[in-house]
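The values are calculated or read from the model by the stated rules, or taken from the named source; none is laboratory data. For clarity, every value in this text was computed on a predicted model and none was experimentally measured. Note that we place each Cβ from the backbone using ideal geometry, even for glycine, and neighbour counts take in every protein chain shown. Heavy atoms of the whole protein, side chains included, go into the accessibility calculation; ligands, DNA and RNA do not. Shrake-Rupley method; radii C 1.70, N 1.55, O 1.52, S 1.80 Å.
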Amino acid sequence: MSSTNAKRNKNLPVLVVAVLIFVVLVAGIIYEVIHMNRPSKERADLGKVYPVEEGSAVIISNGVLSETRAVWEAKRAYLSLSIVQKELNNCFYWDNTEQALVVTTANEVATALPDTLASGAPVFLQRDDTIYVSLDYVARYTNIQVDTYSNPNRVFLRTQWGDSVTADVKETAQIRTEMDVKSPILTDVEPGLGLTVLEQEEKWSKVYVRDGYVGYILNEDLKDVHTQTDPGPNPLPEYTRTTLDGKVFLVWHQVFEESGLNALDDLLANAEGVNVLAPTWFSIKDEEGNLESRANHDYVQKAHSRGLQVWALVENINIEGVNADRLLNVTSHRTNLINGLIQYAEEYDLDGINVDLEKLPSSAGDGYIQFIRELSVACRGRGLILSVDNYVPSAWTEHYHRKDQGIVADYVIIMAYDEHYNGSDAGSTASVNFIRQGVEDTLKEVPAEKVITALPFYTRLWKTEGSELSSEVKSMDEVQTLISSGTYNVTWQEELGQTYAEMEQEGITYQIWVEDEASIKAKLAVVQPFDLAGLAGWKLGMEADYVWNLIAEALNI
């Protein structure tokens, strides 16, 4: 044997050992790879996935686990009223005086009391100072999906609708806590059970399973994935409107002791284009919602014979001592007020109701918008037009809830005047920038097709004597008489869109920001580009004759 063969024989065992080590290493690597990719069979600890305390339930809102917890009683979920109002349906109202929960839709007002049951359970619970509302009850009046499950207590809540993706599984598959096959299994899903796909990634989908779990599934396990339009389980009735066929030209007719019938013919002699009269017929005389009426059949018949609608106004400003909180925040008082208005509307064949509740405290704000909602239901069911008068938007009138008015009322009227008023500094009743800003701010909350802008047919004569400032209302014609009979210095103020007149006499300074043909034209030029639902004027009898044609032409009536 040669020395070369001997060396080979000596190296052979080393080579064999090396090969064996290599094989073992490769096998180990293959084993680890296979083991790493092998799906975990570990079951999730549901108590950790859905952590709840006794008497509570977790909420999975649109697939996301919420930090909010529901109250859990008798296998039913209750959510605090404040969260219901903020997140689900702001048309739920709590009357603390009468312990009543009221909810309003486009055509229904439903009231639940402490002993009211829904599906055998209380509609609401009261814990200390907090009201909790049954989510099953909320779902009756809201387009939401509510599924409740026990062990652990949890609520699946869906509020978003439109395109909905559904799917099935090819065979039994696992829903996991994360997008990882090594993550624990939440539940198994069988073919035919059906899944709602909440989110889709490249390899995984987030799904909702009908047995109350939200988790992740491999896309390769899915079949029959398709998108369909889903309007939700409870599409709510629409807020239909009763409107005039064209633009509205409304004028308020302020009356005090009687209906205003005797002066009506003279007042309307030159009122071309007007199609709505709003006589101030109804005054709220007490906090129980009883009304004082000046309505008159002959007035309505005369207006109708002229082709005019009558939207009778209800006001709170001419009656002393009415507690707005007690009037509006108490359900039986609102109901009494609404019933009275509807009774008069039917008795006198009115075409609509015009609401003019002014100087309301913020504490009455929620009751006020609830009154508007409830009144809208009554008006909508009878074909009556509901219009609501509003101040120009400002921080101190936010509690009037213009946005909600814009949903339920037929028209929202901007009282675009009293920029300066008795008790304020001297100034214009309604400058063009004041009106423009009022319209722009209102349109942020109310659609243009519902907005009517009201212009002043009056101004103020301001008097400064020493440190004392006072003012009095003057009609358009009265102001022209004053200016022509005195020694006023008259100038046009472009930035205000009106004439300014000033005079010194016997130590008294007189100031007038004039409403005349030029100022009305300037105001109309500001409003016209917004293409609003119409225009209005306060008040009948204070206008100059040329006003009617100017406004009618602006509205193309």
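Quick notes
- Residues that are open to solvent by less than 30 Å² (accessible area, probe 1.4 Å) and in contact with a Pro (Cβ under 8 Å, 6 or more places away or on another chain), drawn from segment 76-109: THR105, ALA106
- The selection criterion, being of a type in the set (A, V, I, L, M, F, W, C) and assigned to a helix (DSSP H, G or I), holds for ALA263.
- In segment 178-202, the residue that is most open to solvent (accessible area, probe 1.4 Å) out of those that are of a type in the set (Gly, Ala, Ser) and more than 40 Å from the chain's Cα centre (by Cα) is GLY192.
- Conditions (1) open to solvent by 10 Å² or more (accessible area, probe 1.4 Å); (2) within 14 Å of THR453 (Cβ to Cβ): number failed by ALA426: (2)
- In summary, GLN145 fulfils each of the numbered conditions (1) farther than 20 Å from TRP72 by Cβ; (2) in contact with a helix residue (DSSP H, G or I) (Cβ under 8 Å, 6 or more places away or on another chain) with the single exception of condition (1).
- One residue stands out among those in segment 384-401 that are over 19 Å from LEU244 (Cα atoms) and of a type in the set (Gly, Ala, Ser): the one that is least open to solvent (accessible area, probe 1.4 Å), which is SER394.
- Selection within segment 53-75 - open to solvent by 50 Å² or more (accessible area, probe 1.4 Å) and outside any strand (DSSP E or B): GLU53, GLU54, ALA74, LYS75
- Selection from segment 117-137 of residues that are farther than 11 Å from SER80 by Cα, at pLDDT 95 or above and open to solvent by less than 20 Å² (accessible area, probe 1.4 Å): ALA121, VAL123, TYR137
- The listed residues are ASP441, ASP389, ASP404, and the only one of them that is under 19 Å from the mean Cα position of the chain (by Cα), of a type outside the set (A, V, I, L, M) and in a strand (DSSP E or B) turns out to be ASP389.
- Hits in segment 209-263 (condition: within 35 Å of the chain's Cα centre (by Cα), open to solvent by less than 30 Å² (accessible area, probe 1.4 Å) and small (Gly, Ala, Ser)): GLY212, GLY215, GLY232
- Of all the residues in segment 285-315, those that are within 21 Å of LEU357 (Cβ to Cβ), surrounded by 17 or more Cβ atoms within 10 Å (Cβ to Cβ) and not charged (D, E, K, R) number 9.
- Any hit, segment 162-171, residues being over 30 Å from LYS223 (Cα atoms) and open to solvent by 10 Å² or more (accessible area, probe 1.4 Å): no
Residue-wise test of (1) among the β-branched types (Val, Ile, Thr); (2) in contact with an Asp or Glu (Cβ under 6 Å, 6 or more places away or on another chain); (3) more than 18 Å from ALA426 (Cα to Cα); (4) in contact (Cβ under 8 Å) with a residue 40 or more places away in the chain.
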| position | (1), (2), (3), (4) |
| --- | --- |
| TYR500 | no, no, no, no |
| GLU506 | no, no, yes, no |
| THR509 | yes, no, no, yes |
| ALA518 | no, no, yes, no |
| ASP531 | no, no, yes, yes |
| ALA536 | no, no, yes, yes |
| GLY541 | no, no, yes, yes |
| TYR546 | no, yes, yes, no |
| ALA554 | no, no, yes, no |
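- Members of segment 357-383 found to be open to solvent by 10 Å² or more (accessible area, probe 1.4 Å) and closer than 18 Å to GLU315 by Cβ, listed by number: GLU358, LYS359, LEU360, PRO361
- Close contacts from segment 85-103, counting a first residue that is in contact (Cβ under 8 Å) with a residue 24 or more places away in the chain and a second that is outside any loop (DSSP other than H, G, I, E, B) and among the aromatic types (Phe, Trp, Tyr), with Cβ to Cβ under 7 Å and a gap of 6+ residues or different chains, come to LEU101/PHE92; LEU101/TRP94; LEU101/PHE124; VAL102/TYR93; VAL103/PHE92.
- Pair list, Cβ under 6 Å, 6 or more apart: segment 432-443 residue open to solvent by 30 Å² or more (accessible area, probe 1.4 Å), other residue at pLDDT 95 or above and hydrophobic (A, V, I, L, M, F, W, C): ARG436/VAL526
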